[in-house]
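Student: Before I ask anything, let me first share the structure, which is written out below as structure tokens.
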Amino acid sequence: MQSTAAAVTMVRDDAFFLKAWLRYYGTRLGRENCYIINHGRGGEVSDLASGCNVIGIPGDPHKNFDMKRWRLLNGLVAGLRSYYDHVIVGDVDELVVVDPVHGLDLLDYLAQSPIRRVLTPVGLEVIHRIDVEPEAITDTILGPRRHVRLAPHYSKPCVVSLGTKIARGGHFTQASKLFAPEELYLFHLKFCDFPNYVETMNQRNAVTQSIGGTVKDISIGRHWFAEARGEDRAVFDAFADLQMQDGFDLGWLRKGMHASWKARGDTGFYQFDRKDHDLQYVLPDRFIGLF
């Protein structure tokens, strides 16, 4: 039984993303090393996560959702660090991937990685180019989907082997040194499938409507609110306008992360500049079928 790495997430009803999360982490780390907080104790989540460590919590909507969620995740990560060298923590639609060109799968890679640090993979958003990708996702996502856009907002410090506090949303930690290995990526899946996006956003808008209040007085992401949603098809049509790049060299992006690394005011957290880049890439064949 391995004690190199565990993966932790919280989920409420997102079966589409949970299936991908389980296929990826359950296969690579072993389901017994996957920890899933089942927000609302959903039966489908429990069934899908059979063999994992499932923690059921009440699911009543409340205004401080994100604050409470990260308080719980911080505590769980801190506890699991006593038993694992590395703990991967993030949303259910986020997957940490080692570039296959490196020659190691995730577990073997982490087994040879030094501890007492926080790893920050470069964030890539898998986008559904509805103009050129008509195929439905029936199993793996990479294959039917080949396009990614740069997502600095999702370059998250999410592989933890150091005692540190993670900020709400998972975007910052109190670790003072940046480690952004060139072979490590975080794939964000929110926009990987247009039909699923519409269904997921409908569910999230319903949650915020049931809570009541505005973006300003509810501790939850702006993207959960109907007024911040925009027109769904226009969001996906716009992906075609992103500037296509040749190759897949993102070394320049990591250099920028290191060059802009600094304290985040007097909060105790650290950050790099997260500039938007209207760029897209086609993933090399070596990534196809990873999840």
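The values are calculated or read from the model by the stated rules, or taken from the named source; none is laboratory data. A quick note: this is a predicted structure, and the numbers were derived from the prediction, not measured. All Cβ positions, even for glycine, are placed from backbone atoms using ideal geometry, and neighbour counts span all protein chains on display. Quick note on the areas: whole protein, heavy atoms, side chains included, nothing else; ligands and nucleic acids left out. Shrake-Rupley method; radii C 1.70, N 1.55, O 1.52, S 1.80 Å.
Student: Being buried (at least 22 other Cβ atoms within 10 Å of the Cβ) and touching a Ser or Thr at 6+ places or on another chain (Cβ under 9 Å) is the filter here, so list the residues in segment 133-155 that pass it.
Tutor: Ser155
Student: When you check Asp13 against the structure, is it open to solvent by 10 Å² or more (accessible area, probe 1.4 Å), touching a residue at least 40 places away in the same chain (Cβ under 8 Å) and in contact with a strand residue (DSSP E or B) (Cβ under 7 Å, 6 or more places away or on another chain), yes or no?
Tutor: In short, no.
Student: Restrict the check to segment 111-131 and report whether at least one residue is out of contact with any helix residue (DSSP H, G or I) (no Cβ under 9 Å at 6 or more places or on another chain) and basic (Lys, Arg).
Tutor: Yes, the conditions are met somewhere in segment 111-131.
Student: Restricting to segment 102-130, name every residue that is of a type outside the set (Lys, Arg), surrounded by 16 or more Cβ atoms within 10 Å (Cβ to Cβ) and under 13 Å from Ser161 (Cα atoms).
Tutor: Scanning segment 102-130 gives Leu110, Ser113, Val118, Leu119, Thr120.
Student: Would you pick out the residues in segment 16-70 that are open to solvent by less than 60 Å² (accessible area, probe 1.4 Å) and assigned to a loop (DSSP other than H, G, I, E, B)?
Tutor: If the condition is that a residue be open to solvent by less than 60 Å² (accessible area, probe 1.4 Å) and assigned to a loop (DSSP other than H, G, I, E, B), then Gly30, Gly40, Gly42, Ala49, Gly51, Cys52, Gly59, His62 are the ones that fit.
Student: Answer yes or no: is there a residue in segment 223-236 that is modelled with pLDDT of 95 or more and open to solvent by less than 50 Å² (accessible area, probe 1.4 Å).
Tutor: Scanning segment 223-236 turns up at least one residue that is modelled with pLDDT of 95 or more and open to solvent by less than 50 Å² (accessible area, probe 1.4 Å).
Student: Please work out if Tyr109 is under 16 Å from Tyr25 (Cα atoms) and of a type in the set (Phe, Trp, Tyr).
Tutor: On the way: under 16 Å from Tyr25 (Cα atoms): yes; of a type in the set (Phe, Trp, Tyr): yes.
Taking the combined requirement at face value, the residue satisfies it.
Student: Then there's this: Hey, could you check segment 1-10 for residues that are in contact with a helix residue (DSSP H, G or I) (Cβ under 6 Å, 6 or more places away or on another chain) and small (Gly, Ala, Ser) and say which is surrounded by the most Cβ atoms within 10 Å (Cβ to Cβ)?
Tutor: Ala7
Student: Based on what the data block shows, is Gln209 at pLDDT below 95, open to solvent by 50 Å² or more (accessible area, probe 1.4 Å), more than 21 Å from the chain's Cα centre (by Cα) and closer than 22 Å to Asp91 by Cα?
Tutor: On the way: at pLDDT below 95: yes; open to solvent by 50 Å² or more (accessible area, probe 1.4 Å): yes; more than 21 Å from the chain's Cα centre (by Cα): yes; closer than 22 Å to Asp91 by Cα: yes.
When the stated conditions are applied, Gln209 passes them.
Student: While we're on this one: Could you count how many residues in segment 156-199 are open to solvent by less than 30 Å² (accessible area, probe 1.4 Å) and β-branched (Val, Ile, Thr)?
Tutor: So the count comes out to 4.
Student: So, one more: Taking into account only those residues within segment 77-101 that are open to solvent by less than 40 Å² (accessible area, probe 1.4 Å) and among the small types (Gly, Ala, Ser), which is farthest from the chain's Cα centre (by Cα)?
Tutor: Looking only at segment 77-101, we keep the residues that are open to solvent by less than 40 Å² (accessible area, probe 1.4 Å), and these are 77, 79-80, 84, 86-99.
After this cut, where a residue has to be among the small types (Gly, Ala, Ser) as well, the list is 79, 90.
On the way: Gly79: 21, Gly90: 5 Å.
Going through the qualifying residues, I end up with Gly79.
Student: Go through segment 249-283 and count every residue that is part of a loop (DSSP other than H, G, I, E, B), open to solvent by 30 Å² or more (accessible area, probe 1.4 Å) and touching a Pro at 6+ places or on another chain (Cβ under 9 Å).
Tutor: Matching residues across segment 249-283 total 5.
Student: While we're here: Could you please tell me which pairs satisfy a Cβ distance under 8 Å, a separation of 6+ or placement on different chains, a first residue in segment 272-291 that is without any contact (Cβ under 8 Å) to a residue 40 or more places away in the chain and farther than 21 Å from Val235 by Cα, and a second residue that is open to solvent by less than 50 Å² (accessible area, probe 1.4 Å) and among the β-branched types (Val, Ile, Thr)?
Tutor: Pairs found: none.
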